[in-house]
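Student: First the structure, then my questions, so here it is.
The values are calculated or read from the model by the stated rules, or taken from the named source; none is laboratory data. Because the structure is predicted, anything quoted here is derived from the model rather than measured. For neighbour counting, all protein chains shown are included, and Cβ atoms are generated from backbone atoms with ideal geometry for every residue, glycine included. Accessible surface areas use protein heavy atoms only, side chains included; no ligands, DNA or RNA. Shrake-Rupley method; radii C 1.70, N 1.55, O 1.52, S 1.80 Å.
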Amino acid sequence: MGAETAHAELETPKGRRLPRHESVRIGLQNIAEAQQLFGQQDSFLRLIEQRFQARVLLRSDSLEVVGVPHAVATVVDIVEELLELIRAGHRLQIQDVRTAIRAAQTSTGSSERRTEEDVDKPSAVSASPSDGFPVLSVSSKRGPIRPRSPRQAAYVEAIHAYDLVFGIGPAGTGKTYLAMAMAASALKAGIVDRIIMTRPAVEAGEKLGFLPGDLQAKVDPYLRPLYDALYDMFPLRVVEQYVERGVIEIAPLAFMRGRTLNRSFVVLDEAQNATIAQMKMFLTRLGFDSKAVVTGDITQSDLPQGSRSGLVDAVGVLSNIDGISIIQFTTADVVRHELVQRIVEAYAANEQGADSDNGQPSRLTSTGTESS
C-alpha cells in the first residue's frame, strides 16, 4: 500500500496492558484530496471514525491512521478506496463513504478473471484500481462510473466475461444502472453496434387506464427509468440522435418477438414481470456477437396472483448452463439513500416472518432454485 507502519504498546497507571495500537501513513498528492475525503465540516471523517476504533489525522503531506490493528487495516482500505474515487475525478458523496464502509466490513464477493485471450479484445471497462473495482469507459454527470461494492464489481466483470448475465436483487443495488453503463461502454468501444433496452409493460399495482397519444407515447411511462439512466450517461442531444438512427432502441418486451439481435447489447429490466413464455421468447432472440443482461427483483412482481415469474423459472432452468452467470445482490449492495437499505431489510424480514407463519416455501436462492 506504500504506507509506513508503526506499533506501540499502551499501559494503564496500574500496569494493565491495552490493545496494541498501530499507525499507518497514507501519502497525499495535495491538500485538496484531504479536504474532499474529510467532507464538509469533517462529516465523512466522523462517519468513518464512529464505526471503527481508529482515527484519521492530517499531517503535512499525508494522512495518519491510528488505532487497534484490525480497525486500522479496515480504515486504511476505506480511505484508499475513497482516494481512488477522488483521483478518478469523482465528486465524493456521503453514499460513497457508506458504501466503502459496508464493502470493507463485509469483504465479500469475487471478480471473474480475464483470460489471456481476452487481453487484446476491446473492453468496456478499464484496468482495476488498487481496490480491485473496475472503472467503466463511460461517465455520468457525477464523474466516472464504477462499482461501489464487491458484488457490483463481480457483476460488472461477469457482464464483461459472459454473453448472458442475470442480476437479481432488491431495489437500489445498481442492477439496471450498471447494465446500462456496460451497454454504453460496449457501444463506445465498438464491441456492439446498438443498444436495445426493454421492459414488460406491466402496471405496478394500479390501473392507469387509457393513455392518449401514439404507440410510443403509450409505452413511454413504462420505459421512463431506462431513459433516465441514458440521460445520466449521454447528453440529451446524443440520446435523441441515437434513438432516431436506431443505435439505441427502447421498447416493450412484446416488441422483441420474431427478431434476431446481432451485434447488440440487450438489457431486459424488471424481468420479474415477464411471463415464462415471454422470458423464453426473449432469451432466444440473442444473435451473433451479442450480449444480454436480465435484471429483476423477485420480491416485487406485478404479475397476476398465482402467475409464476419468468425470471424465477429461467434462473431455475438455466442455473447449470455454461456461459451464463447469475449474480445475486443483497441489501448490503444498496447504493441509494441509506433509508432505502433499511426499508428493503424491513420488508424482507416481514415477508420471511409471514412465510414462516403460513408454512410457505421460501424464496429464490442465489443459484436460482427455490428452497424451503
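Student: Being part of a strand (DSSP E or B) and over 11 Å from the mean Cα position of the chain (by Cα) is the filter; apply it to the stretch 138-170 and report the residue that is farthest from Leu283 (Cα to Cα).
Tutor: Ranking the qualifying residues of the stretch 138-170, first place goes to Gly143.
Student: Looking at Asp289, Asp313, can you tell me which residue is touching a residue at least 24 places away in the same chain (Cβ under 8 Å) and farther than 20 Å from Met182 by Cα?
Tutor: When all the criteria are applied, what remains is Asp313.
Student: Would you mind finding the one in Ala292, Ala314 that is assigned to a strand (DSSP E or B) and open to solvent by less than 40 Å² (accessible area, probe 1.4 Å)?
Tutor: Ala292
Student: Kindly establish whether Ala88 is closer than 24 Å to Gly143 by Cβ, at pLDDT below 85 and open to solvent by 20 Å² or more (accessible area, probe 1.4 Å).
Tutor: Here the answer is yes, as Ala88 does meet what is asked.
Student: Let me ask something else. If a residue must be closer than 17 Å to Ala179 by Cβ and either within 24 Å of the chain's Cα centre (by Cα) or of a type in the set (Ser, Thr, Tyr) (or both), how many such residues does the stretch 257-272 contain?
Tutor: 9
Student: Another question, if that's okay. Quickly run through the stretch 280-303 and pick out the residues that are farther than 21 Å from His160 by Cβ and out of contact with any strand residue (DSSP E or B) (no Cβ under 6 Å at 6 or more places or on another chain).
Tutor: Within the stretch 280-303, Lys280, Met281, Thr284, Asp297, Thr299, Gln300, Ser301, Asp302, Leu303 qualify.
Student: Scanning the stretch 295-309 for residues that are within 24 Å of Ala158 (Cα to Cα) and part of a loop (DSSP other than H, G, I, E, B), which turns out nearest to the chain's Cα centre (by Cα)?
Tutor: Asp297
Student: Starting from the stretch 331-345, keep only residues that are basic (Lys, Arg), then list their pairs with residues that are crowded, with 17+ Cβ neighbours inside 10 Å whose Cβ atoms are within a distance under 6 Å, requiring at least 6 positions of separation or different chains.
Tutor: What qualifies is Arg336/Gly172.
Student: Aromatic (Phe, Trp, Tyr) and modelled with pLDDT of 60 or more: is that true of Phe210 in this structure?
Tutor: no
Student: Inspect all residues belonging to the stretch 8-24 and state whether any of them is open to solvent by less than 10 Å² (accessible area, probe 1.4 Å) and either at pLDDT below 85 or within 26 Å of Ala332 (Cβ to Cβ) (or both).
Tutor: yes
Student: With the requirement that a residue be assigned to a loop (DSSP other than H, G, I, E, B), touching a residue at least 60 places away in the same chain (Cβ under 8 Å) and in contact with a Gly (Cβ under 6 Å, 6 or more places away or on another chain), what does the stretch 317-330 give you?
Tutor: Phe329
Student: When residues of the stretch 37-46 are filtered for being in contact (Cβ under 8 Å) with a residue 40 or more places away in the chain and surrounded by 16 or more Cβ atoms within 10 Å (Cβ to Cβ), how many remain?
Tutor: Selection size over the stretch 37-46: 3.
Student: Taking into account only those residues within the stretch 222-263 that are in contact (Cβ under 8 Å) with a residue 12 or more places away in the chain and among the acidic types (Asp, Glu), which is nearest to Gly174 (Cα to Cα)?
Tutor: If we take residues in the stretch 222-263 being in contact (Cβ under 8 Å) with a residue 12 or more places away in the chain and among the acidic types (Asp, Glu), then Asp232 is nearest to Gly174 (Cα to Cα).
Student: Report yes if some residue within the stretch 36-54 is modelled with pLDDT of 90 or more and in contact with a strand residue (DSSP E or B) (Cβ under 9 Å, 6 or more places away or on another chain); otherwise report no.
Tutor: yes
Student: Next up: Would you say Thr5 is of a type outside the set (Asp, Glu), surrounded by 20 or more Cβ atoms within 10 Å (Cβ to Cβ) and at pLDDT below 85?
Tutor: Against the criterion (of a type outside the set (Asp, Glu), surrounded by 20 or more Cβ atoms within 10 Å (Cβ to Cβ) and at pLDDT below 85), Thr5 does not qualify.
Student: For the list (1) out of contact with any strand residue (DSSP E or B) (no Cβ under 7 Å at 6 or more places or on another chain); (2) open to solvent by 40 Å² or more (accessible area, probe 1.4 Å); (3) under 24 Å from Arg146 (Cβ atoms); (4) at pLDDT 85 or above, I need the number of the one condition that Arg245 fails.
Tutor: Arg245 satisfies all of (1) out of contact with any strand residue (DSSP E or B) (no Cβ under 7 Å at 6 or more places or on another chain); (2) open to solvent by 40 Å² or more (accessible area, probe 1.4 Å); (3) under 24 Å from Arg146 (Cβ atoms); (4) at pLDDT 85 or above except (3).
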